[in-house]
1. Considering the stretch 838-878 alone, what residues qualify as being β-branched (Val, Ile, Thr) and either modelled with pLDDT under 80 or not in a helix (DSSP H, G or I) (or both)?
2. Looking at Thr162, is it over 30 Å from Gln90 (Cα atoms), in contact with an Asp or Glu (Cβ under 7 Å, 6 or more places away or on another chain) and of a type in the set (S, T, N, Q)?
3. Would it be correct to say that Gly262 is without any contact (Cβ under 8 Å) to a residue 24 or more places away in the chain and in a loop (DSSP other than H, G, I, E, B)?
4. Looking at the stretch 209-233 only, could you name the residues that are at pLDDT 90 or above and assigned to a loop (DSSP other than H, G, I, E, B)?
5. Filter the stretch 140-162 for residues that are touching a Ser or Thr at 6+ places or on another chain (Cβ under 6 Å) and either among the acidic types (Asp, Glu) or open to solvent by 20 Å² or more (accessible area, probe 1.4 Å) (or both); which is farthest from Gly275 (Cα to Cα)?
6. Could you list, in sequence order, all residues of the stretch 41-59 that are buried (at least 16 other Cβ atoms within 10 Å of the Cβ) and within 21 Å of Asp102 (Cβ to Cβ)?
7. Find all pairs meeting these conditions: Cβ atoms under 6 angstrom apart; at least six residues apart or on different chains; first residue within the stretch 647-658 and in contact (Cβ under 8 Å) with a residue 12 or more places away in the chain; second residue among the hydroxyl-bearing types (Ser, Thr, Tyr) and buried (at least 16 other Cβ atoms within 10 Å of the Cβ).
8. State yes or no: is Glu744 of a type outside the set (Lys, Arg), at pLDDT below 85, open to solvent by 90 Å² or more (accessible area, probe 1.4 Å) and under 27 Å from the mean Cα position of the chain (by Cα)?
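The values are calculated or read from the model by the stated rules, or taken from the named source; none is laboratory data. This is a predicted model, so every value here is computed, not measured. A quick note on method: Cβ atoms are made from the backbone with ideal geometry, for glycine too, and the neighbour counts reach across all protein chains shown. With ligands, DNA and RNA removed, areas are computed over all heavy atoms of the protein, side chains included. Shrake-Rupley method; radii C 1.70, N 1.55, O 1.52, S 1.80 Å.
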Amino acid sequence: MRLFLYIFLFLALTPRWSQGGSHYYKHNVLIIHSYHKDMEWVEQIQEGIVEEFKKEDLSVDFKVEYMDSKRYSSAVYYDMLKALWQYKYQQSQFDCIIVSDDNALNLLLSIRDDIFPGVPLVFCGINLYDPDRFSPYKNITGVVESFDLTGTLDIIKKLFPTRRNLFIINDTTVTGKANKSRLEAIAYDYSTHFNFVYVGNLSTATLTTSLESLSEDTAILLMSYTRDRDGKVLRYRDAIRLVSTNAKNPVFGVWSFYLNKGIVGGSLVNGQSQGQRAAYLCLKILSGIPASALRIIEKSPNLPMFDQTELDRFSISTSVLPPGSIITNIPITLWNTHKYKIIFYASVVILQSFLIGLLVYNARKRFAGEKRLLKTKKNLSTTLESLQEGVISLDSNFTIIQINSSAASLFELPPAQLLAQNFPNLIMRLDPELGSQFQQTIKHCHNTGENIDFPENTRLTLSKGQPKIMSGSCAPTRDDANAIIGVVLICNDVTENKSIQAMLNQSRRLEAIGHLAGGVAHDFNNILTGISGYAEMLSLQLKDDEKKRVSALRILQASNRAADLTKQLLSFARKGKVISSPIDCHIALKTVIGLLKRSLDKNIALSSHFNAEYPVIIGDPTQLENILLNLGINGADAMEKGGQLTMATDNIVLESPFPCEFGEILPPGLYLCISIRDTGHGIDPESCRIIFEPYYTTKERGKGTGLGLAAVYGAMKEHGGGLQLQSELDTGTVFSLFFPVETEKLPKAMERHFTESGDETILVVDDEQLILSATKGLLSELGYQVLQAKGCERALKVYENNQEDIDLILLDMIMPEVDGTDCYKKLKTINPEVKVVICSGFSKASRFRAVEQLGVSGFLQKPYSAADVNTIIQQVCREER
């Protein structure tokens, strides 16, 4: 019997492992947020998850990842995240994964089978929910984020029935466009009450002006304003601050992170509720329920929420709010909270002696002063930390008593490590030369009370990294008696600004050289037209004298070589893009690689990586191949002992303006990046700054003209793209070319077939007698009847007298008194059906497109051959036959 009693007591007192297992098994949960840690929406979701887990008696180990996809969202970045997580969690076994917002969910769905096979997945904060999309996935559940526009609009109608204009602030980002579609879907139901005014694709300055001028019968609905028209990125708190501080009208929203920052309220999506519901589903999974058995919560847990401060501002009574409304910022009065205590202590105070009352009064006064002092100190610290300028405050012994983060970053040390150090001694240790200079400046400022600016181009050289160029000033600090008690230093790191200014100067220099090169090339082409015309005319006239004909052909060959040189000059001057058509860059690269394989030394290995999903751009195929050949040949020339030449493509999405060489800025958008990498001797920094200038070359005399990279630079600007150069001596060089991607294809030009010669009458108009004579001789040899006129006025007279006989006019575009456009307009007043072909030493440009819209028949590039001029004449004169 006693043995039975002992056994019973042992079983009763022993822990029940099956029921209390949660104390001994530690669950592993991975939380992945789409955005950065300090974003208020993310903080709310994380807070909701933690709060819900605290309700359960579980041992849980959380791992938290922040993707920061608002700022980084390229495919390359996502591949890096996948590789990082695979490395970090290859030894981890998770019981559940919680993801917030669409970017994290999309990434996890694509990599889950590779990194987290079989792990249950719970999502929250999802905007783009489609049940059909999730049907193929197993072991997944979650809660949908769907904002309640109808609920918010009903609230606005109820609280402000006389405000009929609804001013909707909504940007043109992907989220903004989705928001507008939602609004437009329900707008008709409210059209009898509201006049919807959509804005958002405005700069912050324009939006501020619009807000200030709103009429009193207007209410504001703030949807999304994270990027303005100029590409400036705004945080949520920046957007609501901009709206609430500039508008006198009530502001409503659909997200809770705007609450307590300036909106009256609305039916709001609450991040904390999203996190709580996701954690609730995760806890169900940890308890043993499969994720597939938990229904997805499609109705977002939205709540009517309001800010008491804004309600008071617009005199709105809480009695008219929807049932179950949550009200924040309700003033907590001392009487409501401590009514009975106040009565008690008031009685005690009345009964106390005058001395005790006086002590209480003094204590309260001292406490209030200390509180104000702490608040002032906190405000000062907050202000200093928000400044981009570095601020360092020194006492009379030049000891650092206050320093903000911007100043500490200049010296690459944490603020806590710099406090209480003697500033001159600190600088002497970091940079002895600058330390001596600072010591003299600080002492002079302290002794004389003068404000002193740092010398221009003051350099701080630390033991690691490149020198920093600083600007700033030193000023004395004084007490109430105006006595100097220390100094304050204002420091700015202007290294990047100096670098950008240098690039801008270089860009302007190249632009000026480009204009000069274009003008020179145009004049050369005019001269070459005469030379090549006479040479070709001689070659036709001397068919029976082979020796003289060969001499004429050699002159023609020389003029053609000179014409090729001017084409390179025009390309550098951005006047050389002749055609504009869709180009598959992968095809162009394969063509170039094929040419290089046949011409380069065998000790150079060629490889390619075509990673771009969208390789089609709009441009000139010949210029593109010339760009790639130039860079490929230059890379091969840099590898005299052999090496690796690699050509690769990628698609890159630029979220913000992107700086290229010489200050060129690419606007945000989708780009094709072509990189040409070699393993050669590299380029020194000095050469990198001037390598794109015309006639600069690092090759031996006779091995290069110096126009190849200049033409590359000009052609890239002509295509609306940009380039970057990265080079390291004895390692190699990478040229990165950025082209804007085009998806629409232009129609292909119709093919034409022409005969060899004709008998039409041609009027040649030019301001150069050499060109007139050469063209007349060339056309005469081809069997045409030729009239000529020097300048516009003469051309008008000749045409007016002979218009019945003249079939076509060859008209020079650039003439000193009246240019080709104006001359063509005057010719059309004589005969609206006149046929004119424009001739120019420049290639097709905006000036030709303008006259082309007026009805000009064609364009002829100088210098032109007999075949060129014959083809264009037959094309125009016989196209109606």
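1. Ile838, Val851, Val856 - these are the residues of the stretch 838-878 that are β-branched (Val, Ile, Thr) and either modelled with pLDDT under 80 or not in a helix (DSSP H, G or I) (or both).
2. Against the criterion (over 30 Å from Gln90 (Cα atoms), in contact with an Asp or Glu (Cβ under 7 Å, 6 or more places away or on another chain) and of a type in the set (S, T, N, Q)), Thr162 qualifies.
3. For Gly262, the condition - without any contact (Cβ under 8 Å) to a residue 24 or more places away in the chain and in a loop (DSSP other than H, G, I, E, B) - is not met.
4. The answer is Ser213, Leu214, Ser215, Glu216, Asp217.
5. For the stretch 140-162, the residue satisfying everything is Asp148.
6. Trp41, Val42, Glu43, Gln44, Ile45, Gln46, Gly48, Ile49
7. Ala648/Ser675; Ile652/Tyr671
8. Yes: the conditions hold for Glu744.
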